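See below for the structure under consideration.
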Amino acid sequence: MTQTLTPGKRFITLGQFIIERQSDFPFAKGELSRLLRDIGIAAKVVNREVNKAGLADILGEYGETNVQGEDQKKLDVYANEQFILALGAGGECIAIASEENEDLIEIDSKVSKDARYVVCIDPLDGSSNIDVNVSIGTIFSIYRRSDDKHGPTDVSDFMQKGTEQIAAGYVIYGSSTMLVYTTGNGVNGFTLDPSIGEFCLSHPDMKIPKDGAIYSINEGNYRHFPEGVKDYIKYCQQEDASTKRPYSTRYIGSLVADFHRNMIKGGIYIYPSTGKAKNGKLRLLYECNPLAFIIEQAGGKASDGFNRIVEIQPESLHQRVPLFIGSANMVAKAEEMLALRNK
Ligand code: AHM
Ligand code: MG
């Protein structure tokens, strides 16, 4: 007897999706796909270790030798090594700038001698949350070297505005692990199915609501915020049913987790300048630019309070900038209040 197969819902893995979308990419086909694939593989390896983090006491403290005689590494150091290894072996990346390394990492291998891409990475953001089992993340951003540059790489390859990003993404190691990325044609999210070890398309064409009812900021620093930021916080707390105010405060203290929640529900994340840190805490290259590219592709906004994040000219690898990011109308309102105080 012949059996008829009724097609079910199509199941798309990250690898398949990257190949299907190759034509969106203006440069040589395959290069970006291989870079994204390498990042996806490293993310799975890091995910495996993040999931074991709570077992540190059983398997041996970080920095000590575990029962198998292996050295235990701090997870952020481990994640940094994994991403560098994966990108270094792939052959598409000529240099990496990591939040964990003072200087850029030049990839000096035969396979990478003609590579045209540089990658900025925050391998494990929010790592102070690991010990308390709170979601953490990886953030990455890919740039192409200018066509007239050849020979050894240097910092100038990284001094490109966020508008020049070829791709950017993040991985959230949460109650489930997700990889979300953009190549400038919308934002797509993939959830790791641990049973098959694949990221599967779960959030196609992500869009952030234009308005939201959540604001995320470390209000412990309130006294040191600029007056415009204080005004905006007061605005968030005022009663006004037509704009869903007062908003709720949600601050995990783990940027990727706060950002991801706001992407889905609508909201604003703010890390402004404080008394201690004039430019805030977050880094332009590793945190602000990639998330700004993603949020704009999802219909939101990212600003330093006055200018689009992606239009800031980087001057150094570890440069910090204030960050206002999230639902377009919420960021616009915060900018409006800052401008009033800056007249
Ligand atoms: P890190 O790169 O050292 O992990 O710092 C970045 C983290 C973000 O994940 C988080 O949003 C922020 O620092 C929290 O900072 P604070 O404790 O000052 O509110
Ligand atoms: Mg960080």
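The values are calculated or read from the model by the stated rules, or taken from the named source; none is laboratory data. Since we're looking at a predicted model, the values are computed, not measured. Ideal geometry is used to build each Cβ from the backbone, glycine not excepted, and the neighbour counts take in all protein chains shown. These accessible areas exclude ligands, DNA and RNA; they are computed on the full protein's heavy atoms, side chains included. Shrake-Rupley method; radii C 1.70, N 1.55, O 1.52, S 1.80 Å.
Condition first: more than 16 Å from ligand 1 (Cβ to nearest atom) and assigned to a strand (DSSP E or B). Now tell me which residues in the range 238-250 satisfy that.
Asp240, Arg245, Ser248
Name the one entry in Gly253, Gly220, Gly212 that is in a loop (DSSP other than H, G, I, E, B) and within 14 Å of ligand 1 (Cβ to nearest atom).
Gly253
Yes or no: Arg283 farther than 13 Å from Ala213 by Cα and either in contact with a strand residue (DSSP E or B) (Cβ under 9 Å, 6 or more places away or on another chain) or in the same structural domain as Leu317 (by TED's automatic domain parsing) (or both)?
yes
Only one residue in Lys343, Lys281 is within 16 Å of Ile139 (Cα to Cα), assigned to a loop (DSSP other than H, G, I, E, B) and either basic (Lys, Arg) or touching a Leu at 6+ places or on another chain (Cβ under 8 Å) (or both). Which one?
Checking each option against the conditions leaves just Lys281.
Only one of Ile130, Ile107, Ile136 is without any contact (Cβ under 8 Å) to a residue 60 or more places away in the chain and either within 16 Å of ligand 1 (Cβ to nearest atom) or crowded, with 18+ Cβ neighbours inside 10 Å (or both). Can you tell me which?
After ruling out the rest, the residue left standing is Ile107.
I need the strands (runs of 3 or more DSSP E) fully contained in the range 137-201, keeping only those with at least 1 residues that are among the acidic types (Asp, Glu).
So the answer is 187-193.
Only residues in the range 286-307 that are within 16 Å of ligand 1 (Cβ to nearest atom) count as the first member; pair them with residues that are among the polar types (S, T, N, Q), Cβ under 8 angstrom, at least 6 apart or cross-chain, and list the lot.
From the range 286-307, the pairs are Tyr286/Ser98; Tyr286/Ser141; Asn289/Ser141; Asn289/Gln165; Pro290/Ser141; Pro290/Gln165; Ile294/Thr182.
If you check Asn279 against the conditions, is it open to solvent by 30 Å² or more (accessible area, probe 1.4 Å), away from ligand 1 (no atom under 16 Å from the Cβ) and not hydrophobic (A, V, I, L, M, F, W, C)?
No, not satisfied.
Within the range 224-237, is even one residue part of a helix (DSSP H, G or I), in contact (Cβ under 8 Å) with a residue 60 or more places away in the chain and of a type in the set (Val, Ile, Thr)?
yes
Would you check if Ala332 is surrounded by fewer than 18 Cβ atoms within 10 Å (Cβ to Cβ), of a type in the set (A, V, I, L, M), part of a helix (DSSP H, G or I) and in the same structural domain as Lys230 (by TED's automatic domain parsing)?
yes
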